[in-house]
1. Could you give each residue of region 265-276 its phi-based ³J(HN,Hα) in whole Hz, using Karplus coefficients 6.51, -1.76, 1.60 with θ = phi - 60°, and x for Gly or Pro?
2. Quick one: what are the phi-derived ³J(HN,Hα) couplings along region 159-166, Karplus 6.51/-1.76/1.60 with θ = phi - 60°, whole Hz, x for glycine and proline?
3. Grab the beta carbon distance between residue 226 and residue 276, set R0 = 25 Å, and tell me the FRET efficiency rounded to 0.05.
4. Quick one: what are the phi-derived ³J(HN,Hα) couplings along region 138-155, Karplus 6.51/-1.76/1.60 with θ = phi - 60°, whole Hz, x for glycine and proline?
5. Starting from the amide H of residue 59, placed 1.01 Å from N in the peptide plane, find each other amide H under 5 Å away whose residue is 5 or more places distant or on another chain.
6. Going highest first, how would you order 192-200, 225-233, 254-262 by mean Cβ packing within 10 Å?
7. Between residue 162 and residue 80, what length in nm is gained on full extension when 0.36 nm per residue of separation is reduced by their alpha carbon distance?
8. Please list log₁₀ I(q)/I(0) at q = 0.09, 0.10, 0.13 Å⁻¹ for the chain, using the Debye equation with identical point scatterers on the alpha-carbon positions.
Amino acid sequence: MASGAFAVVLGEFVPVGALPQISTTLHVHQGVAGLLVTAPAVVGAVAAPGAAMLIRRLDRRQAIVWLTLLIAVSTVLAAIAPDFATMLVSRLLLGVSVGGVWAVSVPASARLAPAGQEHTASSVIFSAIAIGAVVAVPASTWIAATSSWRWSFVGVAVVSLLAFTAQLATVPPLPSDNALDPRHFVALVREPQITAVLLVILASVFGQFSVFTFVVPALRANTGFSAAEASLALLVFGVLTVIGNFGGAALLGRALVPVVIITFLVLAASVTLFAAAGASTIAACLALAGWGLAWGNTPVSLQVWLASRTRARAQSFEAANAAMTATTQLSIALGSFFGGVILDHAGLAGSTWTGAIALVIAFVVVVFAIATGRQRAARPETATTTIATATAAD
């Protein structure tokens with residue numbers, strides 16, 4: 001199951017490392033080429049809750065394997081795209097898989113895990129996502145610099161087919177044990193603490209992709225890195241995200257609140273340092289190191305934090321995960337789109353500082369949400385029970 005998550009992240013982010021070459025080949029500005037990241041994210045934001053409701057009683061195994069096959073179909077189309085319009089269509093197809101795989105995999109993996117190990121299962125999925133990000137950007141940067149960016153999409157198609165085969169062979173049937181409907185999502189957003197977590201996701205992922213979508217041009221323009229040096233820097237960044245993912249996951253069960261606060265503090269500080277680094281190679285590398293460690297722990301921290309705010313019913317957990325996926329994909333779309341617009345009008349510094357400011361806002365919301373959550377916990381008679389009410393109606 002993690003192989004599908006790995007493949008979908010590869011497919012989603014390979015354009016990031018090859019934006020300069022793609023924009024040149026397809027005769028569009030780099031800001032416009034950023035739509036290749038925006039498009040699947042927009043579709044994924046709709047597909048996540050949509051898939052969670054549409055598959056209702058469908059065996060989760062079937063949903064996962066066919067969504068994985070769609071990754072291969074979309075990336076083959078991208079590899080042979082003769083123009084930007086065809087390329088954009090391929091990315092829209094990928095978006096269906098992005099939303100569906102992210103929304104279905106985490107709850108399904110939790111069902112396969114032994115009792116009490118659900119967070120570990122989630123961490124495995126998110127580690128596959130982190131490793132996919134490790135491979136996608138530096139690998140596509142290197143491939144685009146040494147041969148053709150099209151081969152990076154061929155590589156994703158091969159990986160997707162291998163994942164599809166592995167899932168057919170190893171994932172057991174997972175009949176649906178619940179059916180989501182819009183009531184479960186309405187109940188979620190009525191919970192102030194859950195709304196706060198979703199706002200943190202919106203701000204942090206927006207900030208991340210305002211900067212990260214254009215990190216290769218920024219490194220090359222500001223520090224003078226060659227394509228190979230930028231690829232190496234991003235490979236180190238990716239390795240650190242994996243370390244941050246596993247290290248943070250090990251600590252979350254012991255000290256959720258401190259880990260969440262430290263993660264977002266380091267993330268905001270590191271991206272701010274990256275924005276301020278200018279031509280300083282040392283400052284840029286230090287910023288990338290802190291950024292990678294913090295970002296690696298961000299998805300699993302958000303998932304565990306969100307899960308801690310939901311009730312034990314399966315509908316609440318699956319609805320929360322779908323809401324997190326939709327918010328994440330919407331934020332990727334907004335971050336990459338507005339980052340591209342700002343890039344075209346204010347340059348790389350504008351898009352980088354936009355991301356840094358968004359991440360500072362995310363940190364402020366984290367601190368505020370945790371503080372108000374503790375105050376609410378001290379007054380249990382005022383706590384809302386909207387989710388419990390919604391699930392009781394089942």
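1. Each residue's phi maps through the Karplus curve to give 5, 5, 4, 5, 5, 5, 5, 5, 4, 4, 5, 8 Hz.
2. Computed from phi, the couplings for region 159-166 are 4, 5, 5, 5, 5, 4, 5, 5 Hz.
3. The pair residue 226/residue 276 has a calculated efficiency of 0.60.
4. Those phi angles translate into x, 5, 5, 4, 5, 4, 5, 7, 9, 9, 9, 4, 4, 5, 5, 6, 4, x Hz.
5. Here 176 satisfy the definition.
6. On the way: 192-200: 20.8, 225-233: 17.8, 254-262: 15.4.
In decreasing order of mean packing, 192-200, 225-233, 254-262 become 192-200, 225-233, 254-262.
7. Values: separation 82, 0.36 × 82 = 29.52 nm, distance 2.03 nm.
Answer, rounded to one decimal: 27.5 nm.
8. Reported log10 I(q)/I(0), two decimals: -0.48, -0.60, -1.03.
Every number here is computed from the coordinates shown, using simple stated rules; none is lab data. Since we're looking at a predicted model, the values are computed, not measured. Positions of Cβ are backbone-derived with ideal geometry, glycine not excepted, and every protein chain shown enters the neighbour counts.
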